[in-house]
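One structure below.
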Amino acid sequence: MLQVTTPMQLYNNQDWYQPFKLNSYNPNTNTRAPFDLTACQLKMTLASTGAGVKSFDVSTNLGTIIIDTDPTTGQFTVSVPATTMWANLVAGYYNADLLVFTAPGSVLNVQSFDIEIVAGDTAPTP
(Lines give C-alpha, C1' and ligand atoms only; values in the text may rest on other atoms or scores of the structure.)
Protein backbone atom coordinates (compact mmCIF):
# COMPACT_ATOMS: atom_id res chain seq x y z
CA MET A 1 0.00 0.00 0.00
CA LEU A 2 1.15 3.49 -0.79
CA GLN A 3 0.37 5.70 2.18
CA VAL A 4 -0.40 9.36 1.61
CA THR A 5 -2.07 11.72 4.08
CA THR A 6 -5.34 12.95 2.63
CA PRO A 7 -6.98 16.23 3.68
CA MET A 8 -10.74 16.09 4.17
CA GLN A 9 -13.49 18.49 5.28
CA LEU A 10 -16.74 17.25 6.79
CA TYR A 11 -19.74 19.01 8.36
CA ASN A 12 -21.03 17.70 11.66
CA ASN A 13 -24.67 18.21 10.62
CA GLN A 14 -24.44 16.21 7.37
CA ASP A 15 -24.17 12.51 6.60
CA TRP A 16 -20.64 11.27 6.04
CA TYR A 17 -21.12 8.96 3.12
CA GLN A 18 -17.92 8.33 1.23
CA PRO A 19 -16.87 5.42 -0.97
CA PHE A 20 -13.22 4.31 -1.02
CA LYS A 21 -11.17 1.79 -2.94
CA LEU A 22 -7.97 0.23 -1.61
CA ASN A 23 -5.30 -0.94 -4.01
CA SER A 24 -2.09 -2.86 -3.48
CA TYR A 25 0.93 -1.34 -5.19
CA ASN A 26 3.80 -3.34 -6.64
CA PRO A 27 6.84 -1.02 -7.03
CA ASN A 28 8.70 -3.61 -9.12
CA THR A 29 6.10 -3.51 -11.89
CA ASN A 30 4.59 -0.09 -11.05
CA THR A 31 1.12 -1.63 -11.03
CA ARG A 32 -1.87 -1.46 -8.74
CA ALA A 33 -4.41 -4.18 -8.06
CA PRO A 34 -7.52 -4.15 -5.86
CA PHE A 35 -6.75 -5.08 -2.25
CA ASP A 36 -8.75 -8.15 -1.29
CA LEU A 37 -10.76 -7.29 1.82
CA THR A 38 -12.11 -10.83 2.27
CA ALA A 39 -12.35 -11.61 6.02
CA CYS A 40 -10.82 -8.20 6.88
CA GLN A 41 -12.02 -5.69 9.45
CA LEU A 42 -11.49 -1.95 8.97
CA LYS A 43 -11.24 0.75 11.63
CA MET A 44 -10.57 4.47 11.65
CA THR A 45 -10.25 6.49 14.86
CA LEU A 46 -10.62 10.24 14.50
CA ALA A 47 -8.62 11.98 17.26
CA SER A 48 -8.79 15.74 17.75
CA THR A 49 -5.54 17.64 17.63
CA GLY A 50 -6.54 20.50 19.93
CA ALA A 51 -6.92 20.81 23.68
CA GLY A 52 -9.13 18.22 25.35
CA VAL A 53 -8.52 15.35 22.95
CA LYS A 54 -11.70 13.78 21.67
CA SER A 55 -11.93 10.62 19.60
CA PHE A 56 -14.54 8.91 17.47
CA ASP A 57 -14.39 5.47 15.85
CA VAL A 58 -15.80 4.26 12.57
CA SER A 59 -15.39 0.58 11.80
CA THR A 60 -16.83 -2.52 10.21
CA ASN A 61 -17.64 -3.78 13.73
CA LEU A 62 -19.77 -0.68 14.40
CA GLY A 63 -21.44 -0.81 10.98
CA THR A 64 -20.10 2.60 9.97
CA ILE A 65 -17.68 1.07 7.44
CA ILE A 66 -19.33 -1.24 4.94
CA ILE A 67 -17.21 -3.51 2.74
CA ASP A 68 -18.57 -4.01 -0.78
CA THR A 69 -20.54 -7.19 -1.47
CA ASP A 70 -17.52 -8.37 -3.48
CA PRO A 71 -14.61 -7.78 -1.07
CA THR A 72 -12.04 -8.68 -3.75
CA THR A 73 -12.66 -5.26 -5.37
CA GLY A 74 -11.11 -3.43 -2.40
CA GLN A 75 -14.16 -1.16 -2.21
CA PHE A 76 -15.81 0.01 1.00
CA THR A 77 -17.93 2.92 2.17
CA VAL A 78 -17.81 5.07 5.30
CA SER A 79 -21.43 5.73 6.27
CA VAL A 80 -22.11 7.83 9.36
CA PRO A 81 -25.52 9.51 9.75
CA ALA A 82 -25.68 13.24 10.43
CA THR A 83 -27.24 12.71 13.86
CA THR A 84 -24.22 10.61 14.90
CA MET A 85 -21.81 13.19 13.47
CA TRP A 86 -23.60 15.96 15.41
CA ALA A 87 -23.58 14.03 18.68
CA ASN A 88 -19.92 12.96 18.53
CA LEU A 89 -17.82 15.40 16.52
CA VAL A 90 -17.32 19.01 17.51
CA ALA A 91 -15.74 21.52 15.17
CA GLY A 92 -11.98 21.20 14.96
CA TYR A 93 -9.15 19.32 13.39
CA TYR A 94 -8.74 15.56 13.64
CA ASN A 95 -6.12 13.03 12.57
CA ALA A 96 -7.13 9.53 11.56
CA ASP A 97 -5.46 6.37 10.34
CA LEU A 98 -7.35 3.71 8.40
CA LEU A 99 -6.36 0.31 9.75
CA VAL A 100 -7.02 -3.01 8.04
CA PHE A 101 -7.06 -6.09 10.26
CA THR A 102 -6.39 -9.05 7.96
CA ALA A 103 -7.49 -12.66 8.43
CA PRO A 104 -3.91 -13.87 9.08
CA GLY A 105 -3.77 -11.45 12.02
CA SER A 106 -1.66 -8.58 10.71
CA VAL A 107 -2.64 -4.92 11.01
CA LEU A 108 -1.96 -2.57 8.11
CA ASN A 109 -2.05 1.21 8.38
CA VAL A 110 -3.19 1.92 4.82
CA GLN A 111 -4.20 5.58 4.82
CA SER A 112 -3.86 8.66 7.01
CA PHE A 113 -6.26 11.58 7.04
CA ASP A 114 -6.22 15.20 8.24
CA ILE A 115 -9.90 15.93 8.79
CA GLU A 116 -11.48 19.30 9.47
CA ILE A 117 -14.89 19.04 11.10
CA VAL A 118 -16.93 22.16 10.43
CA ALA A 119 -19.79 23.01 12.80
CA GLY A 120 -23.10 23.05 11.00
CA ASP A 121 -25.47 25.96 11.60
CA THR A 122 -28.40 23.79 12.61
CA ALA A 123 -28.81 20.35 14.11
CA PRO A 124 -29.71 17.60 11.66
CA THR A 125 -33.24 16.26 11.68
CA PRO A 126 -33.58 12.56 12.42
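Observations, loosely collected:
- Between Asn30 and Asn61, the simple spin-label model (points 7 angstrom out along Cα→Cβ) gives 4.1 nm.
- Potential lengthening of the chain between Asn95 and Gln18 amounts to 26.0 nm, from the contour at 0.36 nm per residue minus the alpha-carbon distance.
- In this rough spin-label picture, where each label sits 7 Å from Cα along the Cβ direction, the Asn88-Phe113 distance is 1.1 nm.
- 3J(HN,Hα) from dihedral phi, the range 30-39, Karplus parametrisation 6.51/-1.76/1.60, rounded to Hz, x for glycine, proline: 6, 10, 10, 9, x, 7, 6, 9, 4, 6
- In sequence order, the range 15-21 has phi-based couplings of 4, 9, 10, 9, x, 9, 9 Hz under the Karplus curve 6.51 cos²θ - 1.76 cosθ + 1.60, θ = phi - 60°, and Gly or Pro positions carry x.
- Taking other residues whose beta carbon is less than 11 angstrom from the beta carbon of Lys21, and scoring Lys, Arg as +1 and Asp, Glu as -1, yields 0.
- Taking amide H positions as modeled 1.01 Å from N, with prolines and chain starts lacking one, the residues under 5 Å from Thr64 and 5 or more places away or on another chain are Ser59.
- Computed accessible area, Leu108, all protein chains, 1.4 angstrom probe, square angstrom: 60 Å²
- Which label in (1) -0.38, -0.78, -1.11; (2) -0.27, -0.64, -1.15; (3) -0.48, -0.73, -1.08 gives the computed log10 I(q)/I(0) by the Debye sum over Cα atoms at q = 0.09, 0.14, 0.20 Å⁻¹: (2)
- Helix-only CD estimate at 222 nm, as mean residue ellipticity for the chain, using -39500 (n - 2.57) per DSSP H run (n ≥ 4): -1500 deg cm²/dmol
The values are calculated or read from the model by the stated rules, or taken from the named source; none is laboratory data. Note that the structure is a prediction, hence the values are computed from the model and not measured. Every residue, glycine among them, receives a Cβ derived from its backbone with ideal geometry; neighbour counts consider all protein chains shown. Just the protein is used for accessible areas: all its heavy atoms, side chains included, with ligands, DNA and RNA removed. Shrake-Rupley method; radii C 1.70, N 1.55, O 1.52, S 1.80 Å.
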